[in-house]
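As structure tokens, the structure follows; a few thoughts come after it.
The values are calculated or read from the model by the stated rules, or taken from the named source; none is laboratory data. Since the model is a prediction, treat every value here as computed from it, not as a measurement. Reconstructed Cβ throughout: ideal geometry from the backbone, glycine too, with neighbour counts over all protein chains shown.
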């Protein structure tokens, strides 16, 4: 019984690590592309 609880907890930790990795990747992409996307929207607003 104790082994099953450990495996369930291990799976939860693995999912949490994957979620953290995805969040870090998204933050890095937004940090790199954020100014470029902001400039595009500014150009669109100025053109209107």
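Do the conditions hold for residue 44, that is, is it in a helix (DSSP H, G or I) and either surrounded by 10 or more Cβ atoms within 10 Å (Cβ to Cβ) or within 13 Å of the chain's Cα centre (by Cα) (or both)? Here the answer is no, as residue 44 does not meet what is asked. Answer yes or no as to whether residue 36 is modelled with pLDDT under 95 and either part of a helix (DSSP H, G or I) or surrounded by fewer than 10 Cβ atoms within 10 Å (Cβ to Cβ) (or both). Taking the combined requirement at face value, the residue satisfies it.
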